[in-house]
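Before any comments, here is the structure.
The values are calculated or read from the model by the stated rules, or taken from the named source; none is laboratory data. A quick note: this is a predicted structure, and the numbers were derived from the prediction, not measured. Cβ placement follows ideal geometry from the backbone for every residue including glycine, while neighbour counts extend to all protein chains displayed. For the accessible areas, the whole protein counts, side chains as well, though only heavy atoms, and no ligand, DNA or RNA atoms are used. Shrake-Rupley method; radii C 1.70, N 1.55, O 1.52, S 1.80 Å.
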Amino acid sequence: MIEIIIEFSRYFVALLFGTGVAVTFAGMPRTRKNYLVYGIFAVIVFMFQLLSLWTWGMDITFKMYPLITHLPEVIFIVLYLKRPWLIAITSMCLSFLCYQFPRYIGTLLGAAFGNVTMNHIGYIVGAFLMSYFLHKYVIKSVRHLMERSVKSCLLLGAMPTFYYASEHICTVYTDFMYSGARIAVQFMPFVTSTFYIVFILSYYAETQKQANIQR
């Protein structure tokens, strides 16, 4: 019974963490009303997740996650927070990228203890730690880059968006990343390094342009 409670707590924390980071990146004002509306939204989405889980099982629910969780998240940011689609999608993809830290902590503890429950506990602890780190050190910078210009937002969101797409295509809907093929093993390092170099060069050009304008 305790294991089941911990497992479903992990799922709810994952939802709160992902949507919470996304709406914060998108610039949701910290008001009582916004927190209430966001809380209601999160509970409704979680109920849809549970309904899908009980109706179709874990495998189908996992594959439907973008449709029943990420899409409503983007729509919430656009309709309720009145943010542009570009910022909404970028915020969602960035939050998905941030989700990898608690997921890895959970995997690490689960492997160390040989226990799925420890995986869930590790994820929950990692989510709280990552949330604190993001709010203290990252969110302000991310908002600045997203709102600076369309080009800046595109540069910031390119890598997270590509990662989001490739993660679902290569691991959720196919097993390409786990096939063991050399091209699969080298795929993400190649893409990550490429996007990093392009980002550095493009961002440097953007800052130089802004500096010249201010002169």
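Details
Let's see how each residue does on (1) open to solvent by 70 Å² or more (accessible area, probe 1.4 Å); (2) closer than 25 Å to Tyr204 by Cβ; (3) touching a helix residue (DSSP H, G or I) at 6+ places or on another chain (Cβ under 9 Å):
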residue: Trp85; (1), (2), (3): yes, no, yes
residue: Ala88; (1), (2), (3): no, no, yes
residue: Ser91; (1), (2), (3): no, yes, yes
residue: Ile105; (1), (2), (3): no, no, yes
residue: Ala127; (1), (2), (3): no, no, yes
residue: His135; (1), (2), (3): yes, no, yes
residue: Lys140; (1), (2), (3): yes, yes, no
residue: Arg148; (1), (2), (3): yes, yes, yes
residue: Lys151; (1), (2), (3): yes, yes, yes
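- Where a residue in the range 3-23 is not aliphatic (A, V, I, L, M) and its partner, wherever it lies, is not in a helix (DSSP H, G or I), with Cβ under 8 Å and at least six apart: Phe17/Tyr99; Gly18/Tyr99
- Once the range 139-163 is narrowed to residues that are of a type in the set (Ser, Thr, Tyr) and in a helix (DSSP H, G or I), the residue that is modelled with the lowest pLDDT is Ser152.
- Test: residue in the range 56-67 that is closer than 23 Å to Tyr173 by Cβ, at pLDDT 95 or above and open to solvent by less than 20 Å² (accessible area, probe 1.4 Å): no
- For the range 51-73, the set of residues classified as in contact (Cβ under 8 Å) with a residue 24 or more places away in the chain and hydrophobic (A, V, I, L, M, F, W, C) consists of Phe62 only.
- Scanning the range 171-179 turns up at least one residue that is within 30 Å of Ile6 (Cα to Cα), in contact with an Asp or Glu (Cβ under 9 Å, 6 or more places away or on another chain) and assigned to a helix (DSSP H, G or I).
- Out of Val78, Val74, sole residue that is in contact with a Pro (Cβ under 9 Å, 6 or more places away or on another chain) and either at pLDDT below 95 or open to solvent by less than 60 Å² (accessible area, probe 1.4 Å) (or both): Val78
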